[in-house]
Amino acid sequence: MLPLAQFGVLSALATALTSVLSAVLLLALTRQLWSLRWSLTRDKESSLPLPKGSMGWPLVGETFHWLFQGSNFHISRRERLGNVFKTHLLGKPVIRVTGAENIRKILLGEHSLVCTQWPQSTRIILGPNTLVNSIGDLHKKKRKILAKVFSRGALESYLPRLQDVIKSEIAKWCSVPGAIDVYSAARSLTFRIAVRVLLGLQLEEERIVYLAQIFEQLMNNLFSLPIDAPLSGLRKGIKAREILHANMEKIIEEKMERQQAEEDYHDAFDYMLSSSKEHGHQLSLQELKETAVELIFAAHSTTASASTSLILQLLRHPAVVERARVELEAEGLSSEAHSSRSPSGVTVEKEEAAADTETTCLLNGDCQSRQNRSDGFPHSQSHIPYLSLDKLSQLRYVDCVVKEVLRFLPPVSGGYRTALQTFELDGYQIPKGWSVMYSIRDTHETAAVFQSPELFDPDRFGPDREESRSARFSYVPFGGGVRSCVGKELAQIILKTLTVELIGTCKWTLATENFPKMQTVPIVHPVNGLHVHFTYNYPL
């Protein structure tokens, strides 16, 4: 017979084992019931099956897999399941779609097959009056109002201030003795462009830094589980939004009073107020607050991501930089074109540069570059003249570089839609009411029109190849159809201007042994940052 103590231990082990097995069986059962629950939502009037895939665990689905695995989540499932597969993310059943023809059907089916519906957390945090949350006639009206904000005339008027912000930020990068984190610096740059250029706000540095931190809190929780509870991501995002709205309210009221007495519009907010009046729509204060945050959202995160990816690719491909530099020199847009040097290497045109600075600042009325600064910030040493849209359009190779950056590392991996009716993709049914997420990144990586898509090759967009011309929906960094990004021209102008200023005035080196890995959720950015040393080519 076993001693009593040993019998007790064995009994306890048996009880524990039974409890573990029961828990495992219960989990397996709940997962099967969860999967069955979504299988029953298939449209029984359609003979087509649901796409292959897993719905993950009850309530959370595969959200945590998606957040932790990043791009590998979709890549592994696409390779195993095909271009159309199902999953469950952020509280919603989702069908992930890759491929130009599939994307074409979705993007051209807006308002008939599908409608835009961002994740619930995103909709709640951004608010009901934003463009991203509007559908149907309301969406058309809002796009008409915003069309003036991003018209050619408006973009031309933004460009001098935009270039000033870029010059000023690059001066900070070059003044730091150590390395800077490019992704963090790019977020600061694009936030300042949004606040300074689009909203036309003159804010103290301390306030800009504070609002940037609050906006980062909003962005960090924009894609979260739709659970409004203490310490939840959704609650943190809502809190950040309310702080931003409170700070914007007084600024907006002052701007509206000033705008009523002026007829000369200079920034995006002024164009929007003017356009809304022309279309017979008086924007409420709540609409303006939500639109202000949306404008920052639109100009900030994706452009910061693309700016970081741009610098990463310039670091990786010095031959690309050299070709772009040759083009800038030919157009008179480089340090060499604006600096004569003695044999000892000393610049001999400082006085002429200073006189040119004074003239351009007087013309612009609000220049922060190359002038004497009393605010403690470093001087910009850029000799690049003020750009125009026509001058940017002449930079063909720079345009190819920017396009290839957006193909190779598109800032967002895809867009969300909701099926208005059941329809077919790749032999599967997409049931009414399900979310559809079309993949930008995967489509760029697998599109047959691109030769060696795994290579960074700006020449694929050059006149001799123009690979994206042969298949319209193989290249969709800004989406497409009636929901294409309304600010895509502004984003490209920012990226081109940044390219001109960097290549025309600076040199840079990677501060780490290896290039960082890139994370794709919720937006493309380097893991642990991209650390780079910046210096001017010819310091004054």
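The values are calculated or read from the model by the stated rules, or taken from the named source; none is laboratory data. Computed from a predicted structure; not experimentally measured. Neighbour counts are summed over all protein chains in view; Cβ atoms, including those assigned to glycine, are modelled from backbone coordinates with ideal geometry. For accessibility, only protein heavy atoms count, side chains too; no ligands or nucleic acids. Shrake-Rupley method; radii C 1.70, N 1.55, O 1.52, S 1.80 Å.
Residue by residue through the stretch 429-439, note down the ones that are within 21 Å of SER474 (Cβ to Cβ) and open to solvent by 10 Å² or more (accessible area, probe 1.4 Å).
Of everything in the stretch 429-439, just one residue is within 21 Å of SER474 (Cβ to Cβ) and open to solvent by 10 Å² or more (accessible area, probe 1.4 Å), namely TYR438.
Condition first: within 30 Å of ALA154 (Cα to Cα), more than 21 Å from the chain's Cα centre (by Cα) and among the aliphatic types (A, V, I, L, M). Now tell me which residues in the stretch 493-540 satisfy that.
ILE503
With respect to ALA299, is the statement that it is at pLDDT 75 or above, surrounded by 15 or more Cβ atoms within 10 Å (Cβ to Cβ) and among the aliphatic types (A, V, I, L, M) true? Spell out how you get there, then give the answer.
Details: at pLDDT 75 or above: yes; surrounded by 15 or more Cβ atoms within 10 Å (Cβ to Cβ): yes; among the aliphatic types (A, V, I, L, M): yes.
In short, yes.
Quick one: in the stretch 498-537, of everything that is under 21 Å from PRO410 (Cβ atoms) and in a strand (DSSP E or B), which residue is modelled with the highest pLDDT?
Out of the qualifying residues, it is PRO526.
Which residue out of GLN286, GLN217 is of a type outside the set (A, V, I, L, M, F, W, C), open to solvent by 40 Å² or more (accessible area, probe 1.4 Å) and more than 21 Å from the chain's Cα centre (by Cα)? Step through it out loud before you land on a result.
Numbers: GLN217 fails: more than 21 Å from the chain's Cα centre (by Cα).
The match here is GLN286.
Yes/no matrix, rows are residues, columns are (1) more than 30 Å from SER382 (Cα to Cα); (2) modelled with pLDDT of 95 or more; (3) of a type in the set (Asp, Glu); (4) surrounded by fewer than 22 Cβ atoms within 10 Å (Cβ to Cβ):
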site: ARG441; (1), (2), (3), (4): yes, no, no, no
site: GLU445; (1), (2), (3), (4): yes, no, yes, yes
site: ASP457; (1), (2), (3), (4): no, yes, yes, yes
site: ARG460; (1), (2), (3), (4): yes, yes, no, no
site: GLU466; (1), (2), (3), (4): yes, no, yes, yes
site: ARG469; (1), (2), (3), (4): yes, no, no, yes
site: VAL486; (1), (2), (3), (4): yes, no, no, yes
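When you look at GLN117, is it among the polar types (S, T, N, Q) and in contact with a Lys or Arg (Cβ under 7 Å, 6 or more places away or on another chain), yes or no? Please lay out each step first, then the result.
On the way: among the polar types (S, T, N, Q): yes; in contact with a Lys or Arg (Cβ under 7 Å, 6 or more places away or on another chain): yes.
When the stated conditions are applied, GLN117 passes them.
Regarding ARG207, is this residue under 14 Å from the mean Cα position of the chain (by Cα) and open to solvent by 40 Å² or more (accessible area, probe 1.4 Å)?
Values: under 14 Å from the mean Cα position of the chain (by Cα): no; open to solvent by 40 Å² or more (accessible area, probe 1.4 Å): yes.
So ARG207 fails the test.
Residues being of a type in the set (A, V, I, L, M), crowded, with 21+ Cβ neighbours inside 10 Å and under 30 Å from GLU110 (Cα atoms): count how many of those fall in the stretch 139-177.
Counting residues in the stretch 139-177 that are of a type in the set (A, V, I, L, M), crowded, with 21+ Cβ neighbours inside 10 Å and under 30 Å from GLU110 (Cα atoms) gives 4.
What is the residue count in the stretch 52-66 for residues that are among the aliphatic types (A, V, I, L, M) and surrounded by 19 or more Cβ atoms within 10 Å (Cβ to Cβ)?
Step one: list which residues in the stretch 52-66 are among the aliphatic types (A, V, I, L, M), which gives 55, 59-60.
With surrounded by 19 or more Cβ atoms within 10 Å (Cβ to Cβ) added as a condition, the list becomes 55.
Residues meeting the conditions: 1.
Give me the pairs: first residue in the stretch 514-540 and farther than 30 Å from HIS65 by Cα, second residue of a type in the set (S, T, N, Q) and part of a loop (DSSP other than H, G, I, E, B), beta-carbon distance under 6 Å, and six or more apart or on different chains, which are they?
TYR536/GLN381; TYR538/SER339; LEU540/GLN381
Of all residues in the stretch 67-89, how many are open to solvent by less than 10 Å² (accessible area, probe 1.4 Å) and not β-branched (Val, Ile, Thr)? Give the derivation first.
Going through the stretch 67-89, the residues open to solvent by less than 10 Å² (accessible area, probe 1.4 Å) turn out to be 70, 73-74, 84-85, 87-89.
Next, only the ones that are not β-branched (Val, Ile, Thr) stay: 70, 73-74, 85, 88-89.
The qualifying residues number 6.
Where in the stretch 411-486 are there strands (runs of 3 or more DSSP E), lying wholly inside it, with at least 2 residues that are over 28 Å from PRO526 (Cα atoms) and of a type outside the set (Val, Ile, Thr)? Write out each step before concluding.
Values: elements: 414-419, 423-425, 428-430, 435-439.
Because the criterion is at least 2 residues that are over 28 Å from PRO526 (Cα atoms) and of a type outside the set (Val, Ile, Thr), the strands (runs of 3 or more DSSP E) in the stretch 411-486 that meet it are 423-425, 428-430.
Based on this model, can you work out whether SER22 counts as modelled with pLDDT under 85 and not in a strand (DSSP E or B)?
The answer is yes for SER22.
Which one is farthest from ALA240 (Cα to Cα), of the residues in the stretch 157-206 that are without any contact (Cβ under 8 Å) to a residue 24 or more places away in the chain and of a type in the set (D, E, K, R)?
Ranking the candidates gives GLU169 first.
For the stretch 179-199, which positions are closer than 23 Å to ASP267 by Cα and not in a helix (DSSP H, G or I)?
LEU199
Working only within the stretch 353-404, note down all residues that are at pLDDT 85 or above, among the small types (Gly, Ala, Ser) and in a helix (DSSP H, G or I).
Selection gives SER393 alone.
Return only the number of the condition from (1) crowded, with 16+ Cβ neighbours inside 10 Å; (2) outside any helix (DSSP H, G or I) that TRP34 does not satisfy.
TRP34 satisfies all of (1) crowded, with 16+ Cβ neighbours inside 10 Å; (2) outside any helix (DSSP H, G or I) except (2).
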